[in-house]
Structure formats: C-alpha cells, structure tokens
Amino acid sequence: MISIGQLCKRYGKLPVLNNISLELNAGSCISLIGPNASGKTTLLKIILGIVRPDSGTIGVAGTNALEGYRYRENIGYMPQIAKYPDNMRVGQVINLLKSLRPSGIGYDEELYTTFRINEISNKPLRSLSGGTRQKVSACLAFMFKAPILILDEPTAGLDPLSAELLKAKIKKEAGADKLIIVTSHILSDLEDISTHIVYLHEGKILFHETISEILKRTRTTSLSLAVAEIMRNSSHV
Amino acid sequence: MFKIVKYILADILKSRVILAYTIFLATISTSLYLLDSNPDKSTISLVNINLIIIPLMSIIFTTIHYYNSYEFIELLVAQPISRNRIVMSEYVAVTLSLLIAFMAGVGIPIILFNMNTAGWSVIYSGLMITIIFSSLAFLCSVLTRDKTRGIGAALLVWLFFSIIYDGLILFILFSFNDYPIEPLIMVITHLNPVDLARIFMLIRLDVSAMMGYTGALYLEYFGATTGMFLSSIVMVLWAVIPVTIGVKVFRNKDL
C-alpha cells in the first residue's frame with residue numbers, strides 16, 4: 001500500500017532520513033520505533049505530504065504521493081500534538097473535516113460513540129484537557145474509513161481505559177485488511193497491537209521484521225526487553 | 001475554500017482580541033466626532049489612526065494567528081485538499097476579520113457622522129492598509145519557522161514603514177539636495193504603503209500642513225486625480241504581491 005524508495009531528507013546540514021526504502025502492505029500494523037530524533041515523525045510527515053523530501057519516491061495506494069493531494073483520501077491521520085483553534089467547537093471541527101473529505105463511503109463513528117464525543121460536541125476545544133483533545137483526534141483519524149491509518153503516539157495522554165479502547169479499535173482495523181502505522185515509546189502497547197516492527201536509528205532502517213522474528217533473534221520474551229537489547233547493542237556499534 | 005474560511009472566521013470573530021480591537025476603534029472614532037463640532041477635523045484625526053494603529057494591529061494579529069494555528073494548518077495539510085486552498089483560506093479569514101473590525105470601529109462612525117468623499121478616502125485607505133499589512137505579516141510568518149522571530153520580523157516591517165522610512169527619505173533629501181532627485185523620491189514613495197495611504201487620504205482632505213514633502217511633491221507631480229488613481233492602484237499591488245509570494249513559498253515548505 002505504501003512503497004518508499006531511497007528517501008532522503010536533511011534539515012539544513014543535519015541528515016534526518018538517510019536513503020530509506022520500505023514496503024508496507026495492507027492487513028498489517030507497523031510499529032515505527034527508534035530513539036528520540038531518529039526521524040520517525042519526519043518519515044510520517046513525508047508520507048502525509050506535510051514535509052517535502054529532498055529525493056526519493058513515495059507511492060501511496062498506487063499513486064505518486066509527491067504530486068497532487070488526492071492520495072490523502074486514503075489516509076487517516078492522528079497527530080502527536082492536537083491543537084485546534086481556540087473557539088472552535090468539537091462538533092465544528094468534525095463537520096469541517098467531513099466537508100473536506102469525500103463522504104461516499106459513509107463514516108465510521110465507533111470511536112465517536114465509545115469516547116462519547118457527542119456529549120462534548122458543543123464545547124470549545126480550548127476548554128478540553130489534553131487527553132480529551134487526543135480522543136477527538138483519534139475519532140477524526142478513524143472517521144473516514146481510510147485504508148491507511150497513521151497514528152503518531154496515539155496513547156500518549158490517554159487514561160488507561162481510553163488507551164485500551166483505542167488499542168482494541170486499532171487491532172480491529174488491522175484485522176480488517178487496513179494498513180496501520182503507529183509510533184510510540186510505550187513498547188508494551190505496541191506489542192499488543194502490531195504485527196511488524198520498523199526500527200529507525202539515525203535516519204536509517206535498522207530492521208523491519210515481525211515481532212516473533214525479533215523475539216527469536218534476541219532470545220527474549222517481550223518486545224520491551226528485545227528492543228532494550230537492540231538499543232544497547234546498536235549504541236555500542 | 002469558503003468552507004474553511006467560514007469556520008476559521010467564525011473562530012476568530014469569537015476571540016476577545018478582535019472584539020477589544022473593534023471596541024477600541026469605535027470608542028476613539030465616535031469620541032473624535034462627538035468632541036469636535038466640525039466633523040471634517042475629526043476625519044483628519046482619524047487619518048493618524050489609519051496610519052499607526054491599523055497597520056500595527058493587522059501585522060501583529062495576522063502573525064500571531066498564523067503561529068497559533070500552526071498545528072491546525074498541519075492537520076489540514078494532511079487532508080486531501082491542496083495547500084493553496086488551505087493557506088489562502090487562512091489568509092482570507094484573518095484579513096476578513098480585521099476588515100470587519102475596521103468597518104465596525106471606524107467605517108460606521110465615518111458613514112454616520114461625516115459621509116463625503118474625504119470620509120470614503122479614509123475608509124478605502126484603512127481597508128487597504130489592513131489588507132496590505134495582513135499580507136506582509138503573512139509573508140513574514142511563512143518565511144520564518146520560529147514564532148518569536150516571525151513576530152519580531154513583523155514588528156520590524158511595521159517600524160520600518162511607519163517610522164524609519166521617513167527618516168531615510170529625509171536623509172536622501174539632505175544628502176542629495178543639489179541634484180534633481182524628485183523622480184527618485186516619487187519612486188521611493190511608492191515603495192512605502194503607509195506613505196501612499198497618507199497621500200491618498202490627504203489629497204481628498206486637502207490639508208497641506210499634513211502633506212509633508214513627499215505628499216506635496218506627489219500632488220505637484222501627478223495632480224489630484226491621477227495622484228489618487230495611481231496611489232490606489234499601487235496600494236492594490238502592495239496587497240497582492242506579498243501574499244502571492246507567501247503562497248508560493250508555503251506550497252513547497254516543510255511544516
């Protein structure tokens with residue numbers, strides 16, 4: 001669904017992504033992990049068209065993502081920091097995004113119901129707590145039945161119950177033949193939901209494997225132990 | 001495009017800053033008319049508001065609004081719509097809100113108390129100054145990533161056109177006063193929207209004392225009719241060019 005070829009990006013002199021090639025298929029949930037400043041968010045932003053790459057190719061659902069904007073109809077996005085205009089109401093933001101996206105296939109309002117967004121739809125966004133705003137973002141990402149979902153730190157700031165609800169939803173969508181890309185630093189969360197791990201280190205992909213492959217290779221029992229092991233080794237290199 | 005404009009505009013009009021700005025302008029202009037028995041004099045006093053407060057407010061408000069909407073703009077960019085549409089909506093919505101505030105605060109009092117050609121020229125130049133400085137602010141904020149630097153640049157632009165520019169013209173006048181520099185001064189005058197707006201208003205108001213050197217020269221050079229026509233056209237260019245560059249820059253920018 002997403003194919004990335006030899007992608008490079010620098011901010012000034014600082015190389016952020018260094019010759020990245022990646023092939024991501026439907027029906028999987030990819031966890032993008034790596035230390036701080038390894039280029040995770042930049043990679044996601046390039047796929048979304050928020051950041052322009054210096055060189056390389058990106059195809060999303062068969063179309064070239066570096067030209068035009070229609071390809072983004074295939075992507076639902078939940079940003080890391082949700083900040084909306086102060087006086088806009090929750091319902092207005094939802095209506096605005098609805099009016100900007102094609103409505104032919106209807107809306108997925110599962111999270112809208114489970115997070116009880118309708119109860120707060122008259123509140124201005126400025127009055128919401130960080131976690132509640134995060135719920136609104138999650139609800140917006142899933143609403144348009146997009147075949148690709150990009151979630152940047154989705155569970156950060158959510159209470160345990162909401163985090164579980166969101167994880168259940170992610171799992172369900174991955175089972176429904178969608179492609180989901182998640183970044184997070186909470187590895188135990190990722191272990192539950194993801195099928196594959198992509199590990200970025202200083203702008204390069206260190207590995208792209210399924211979870212069982214990693215556990216086997218590092219001879220550990222949980223993803224957090226395995227990744228800690230890998231990080232320790234890679235910092236020695 | 002109008003969908004996004006509608007939502008952003010509704011959001012801004014609810015903000016306290018725009019409300020305070022409107023009330024502030026309305027209080028000043030109404031009291032100016034009520035305090036003086038000759039409404040023409042009050043209109044002349046309003047010229048200074050047009051030249052100092054309106055550019056300052058337009059440039060600062062637009063810049064701050066852009067940086068405060070940064071994450072929201074980012075979210076919109078991730079939707080299936082073109083960047084041109086997003087960025088134009090943002091600009092149009094902010095400018096419209098400032099224009100509404102100006103019309104409510106200055107426009108309506110002028111229409112009520114002193115509706116004549118001079119009044120219209122003050123309204124026209126106030127509207128143009130709002131659009132021009134909003135457009136300049138927009139360019140500044142698209143060019144700089146950092147919020148503090150962006151606001152600093154915007155303030156500097158205002159300071160330059162409102163205060164420093166006159167000093168520069170004086171300096172040129174004194175240094176080259178043995179040469180025929182009038183054509184040069186005429187070119188330089190067109191490069192400052194504040195000066196243009198001032199001349200545009202004063203041609204109609206007919207107060208030679210406030211004309212200044214550039215204004216008097218302008219009138220002598222072009223005459224009243226051509227002068228007004230020319231200055232109004234150049235003001236339109238000042239409104240269009242910065243925002244056009246801004247949109248071009250935004251189209252290929254990393255957010």
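In terms of its C-alpha gyration tensor, region B:28-81 has a prolate overall shape, because the principal axis ratio a/c (a ≥ b ≥ c, square roots of the eigenvalues) is not below 1.5 and a/b outweighs b/c.
Share of Cα-Cα pairs in region A:158-237 beyond 22 Å, in percent?
Taking all Cα-Cα pairs of region A:158-237, the fraction more than 22 Å apart is 29 percent.
Sorting A:83-95, A:133-145 by their mean Cβ neighbour count within 10 Å, with the most densely packed peptide first, gives A:133-145, A:83-95. For region B:24-183, averaging the sequence separation of C-alpha pairs within contact (under 8 Å, six or more residues apart) and dividing by the residue count gives a relative contact order of 35 percent. Each of the peptides A:99-105, B:33-39 was scored by the mean count of other Cβ atoms within 10 Å over its residues; in descending order, highest first, they stand as B:33-39, A:99-105.
With the simple model of a label 7 Å out from the Cα in the direction of the Cβ, A:Glu164 to A:Leu66 spans 4.6 nm. Can you bin region A:39-146 into rounded, prolate or oblate? Criterion: square roots of the alpha carbon gyration tensor eigenvalues sorted a ≥ b ≥ c, rounded for a/c under 1.5, prolate for a/b above b/c, oblate for the rest. Because a/c hits 1.5 or more and a/b exceeds b/c, region A:39-146 counts as prolate. With both labels modelled 7 Å from their Cα along Cα-to-Cβ, the A:Lys98 to B:Leu56 distance reads 4.5 nm. Taking every residue in B:78-87 and counting other chain Cβ atoms within 10 Å of its Cβ, the average works out to 6. Look at where the Cα atoms of region B:152-191 and of region A:163-192 average out, and the two centres are 62 Å apart. Computed from the C-beta positions of B:Phe24 and A:Ala37 and an R0 of 41 Å, the FRET efficiency is 0.35 to the nearest 0.05. Counting only residues at least eight positions apart within a chain, or on another chain, the lysines with an alpha carbon under 16 Å from that of A:Lys178 are A:Lys145, A:Lys167, A:Lys169.
Run the reach check for B:Lys6 against aspartates and glutamates, Cα to Cα strictly under 18 Å, same-chain hits fewer than 8 apart removed. What comes back? Reachable aspartates and glutamates: A:Asp86, B:Glu90. Relative to its residue count, region B:16-163 spans a Cα convex hull of 108 Å³ per residue. Partner shielding of A:84-95 amounts to 4, given as the average count of beta-carbon atoms from other chains within 10 Å of each residue beta-carbon. Placing pseudo-labels 7 Å out from each Cα toward the beta carbon at A:His185 and B:Ile245 gives an inter-label distance of 4.0 nm.
For the pair A:Lys145 and A:Glu202, a Förster radius of 30 Å applied to the C-beta separation gives a FRET efficiency near 0.25, rounded to the nearest 0.05.
Per-peptide packing, taken as the mean over residues of other Cβ atoms within 10 Å, places B:77-83, B:11-17, B:91-97 in the sequence B:91-97, B:77-83, B:11-17 from highest down. Treating r as the C-beta distance of B:Tyr213 and A:Arg52 and R0 as 56 Å, the FRET efficiency rounds to 0.70.
Per residue of peptide A:45-52, the mean number of Cβ atoms on other chains within 10 Å of the residue Cβ is 5. Were the residues from B:Thr148 through B:Asp178 laid out at 0.36 nm apart, the gain over their Cα-Cα distance would be 6.4 nm.
Among rounded, prolate and oblate, which fits the protein assembly as shown when a ≥ b ≥ c are the square roots of the eigenvalues of its C-alpha gyration tensor, a/c under 1.5 means rounded, and a/b larger than b/c means prolate?
Prolate is the answer for the protein assembly as shown, as a/c is 1.5 or above and a/b outweighs b/c.
Every number here is computed from the coordinates shown, using simple stated rules; none is lab data. No experiment lies behind these values; they were computed from the predicted model shown. Quick reminder, even Gly has a Cβ in these numbers, built from the backbone with ideal geometry, and neighbours come from all protein chains shown.
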